[in-house]
Amino acid sequence: MPDLDDWSNSSPLGGEMTAETVVHARTSAFHHISVIDIGYRRILQFERTRQSSMYLDNPFETDFEYPGFFHVALAIRPDASRTLMIGLGGGTTAKRMWRDYPEMRIDAVELDPDVVAIAREYFELPDDPRIRVVVDDGRHFVETTSERYDIVIVDAFHDDRIPPPLTTEEFFRALRSHMTEDGVVAFNVIGSLLGDRSRLFRSLHRTLRNTFRRVWVFNADEGVDAKGNNLVVIASDTALTTQELRERIAARVAGRVSIPGFDRFGENLYEGPIRSGDVPILSDPHHPK
């Protein structure tokens, strides 16, 4: 999630600076939250980091690339009808899935009630029975719910890191116990594939591989940046092969997925080596620095 200064200083056509309008701001128990309009976009910002974005003339679309990769889960479970989202933000993924998949029922768990209120008022999160919003800690919800899910999406951050309790083997096993057969979990990770800043990602990857049969990593950005990329990590116990996954993506899951460019997302699948011998499996009392 880039710093605001990385992207607000020029117009889409390369002209002069685009004007910013602060539409709303408040300080919650967890963040200083701002809603900012920049040109034709509206962003949700915590402190200096943008969390969500939508186009003002089309609230179901975003200039963020990574949320589209969550829909890869449909390539593994095309029949999915129950989705759990941990972390709501501006509701980008929740409202898109609500619109695109009429059979889908969504539980969205968000720790901060102010974020929920802002998503509804400023980001057009639908008030509809198919989207149930729960104000709770994501891990507490998973450990206490009786529901089972076909897809789980973890897109929760404190600053630019996933909260440690959502990265451990104990949490993954709790998730797995609430997933249906061949269920899919998708994580948004801000991290590096290589270099000094890759340690947390590599630990997370190793921990997921210790829990699930298959793990795929999609780089939602162009190229590999040692400073960090938006990585979407997909894990499942499915028997689906990588080639079959690529074919389903190329076919837009039999035409069901309308995300722009989705048919080319297979090109973003990272198949290089991911070193794991020097990083731990994450457990509740242990998190790499």
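Worth a mention:
- Only Lys, Arg (+1) and Asp, Glu (-1) charged, at Cβ; segment 43-99 dipole about Cα centre in debye: 220 debye
- A Förster radius of 45 Å combined with the Cβ-Cβ distance from Arg213 to Glu121 puts the calculated FRET efficiency at roughly 0.60.
- Percent of beta bridges antiparallel (DSSP, the chain, rounded to nearest 5): 65 percent
- Among Gly191, Ser34, Ala254 - extreme Cα towards positive end, dipole of the chain, charges at beta-carbon: Ala254
- Every helix of 4 or more DSSP H residues in the chain counts as -39500 (n - 2.57), and over all residues that averages to -6000 deg cm²/dmol at 222 nm.
- In nm, spacing of pseudo-spin labels at Leu194 and Asp237 (7 Å Cα→C-beta vector): 3.6 nm
- Relative contact order %, the chain, counting alpha carbon pairs below 8 Å whose residues are six or more apart: 15 percent
- From the coordinates of this entry, mean projected area of the Cα convex hull in nm² is computed, and it appears in (i) 14.7; (ii) 15.9; (iii) 18.3 under the label (i).
- Net lengthening on full extension, Thr49/Asp263 (0.36 nm per residue, minus Cα-Cα): 74.1 nm
- Rounded to the nearest 20 debye, the dipole magnitude of the chain is 780 debye, with +1 charges on Lys and Arg beta carbons, -1 on Asp and Glu beta carbons, and the Cα centre as origin.
- FRET efficiency, Ile281 to Thr144 (Cβ-Cβ, R0 35 Å, nearest 0.05): 0.90
- With θ taken as phi - 60° and the Karplus curve 6.51 cos²θ - 1.76 cosθ + 1.60 applied, the whole-hertz 3J(HN,Hα) list for segment 98-113 is 4, 6, 7, 10, x, 7, 7, 10, 10, 9, 10, 9, 9, 6, 9, x Hz, x standing for glycine and proline.
- At an R0 of 22 angstrom, the distance between the Cβ atoms of Glu222 and Glu247 translates into a FRET efficiency of 0.40.
- GNM flexibility winner over the chain from Met54, Met104, Met85 (Cα, springs under 10 Å): Met104
- Cα gyration tensor, segment 155-289 - rounded (a/c under 1.5), prolate or oblate: oblate
Readers should treat all values here as calculations from the given coordinates under stated rules, not as data from a laboratory. Just so it is clear, the model here is predicted, and its values are computed rather than measured. Methodologically, a virtual Cβ is constructed for each residue, glycine included, from the backbone with ideal geometry; neighbour enumeration extends over all protein chains shown.
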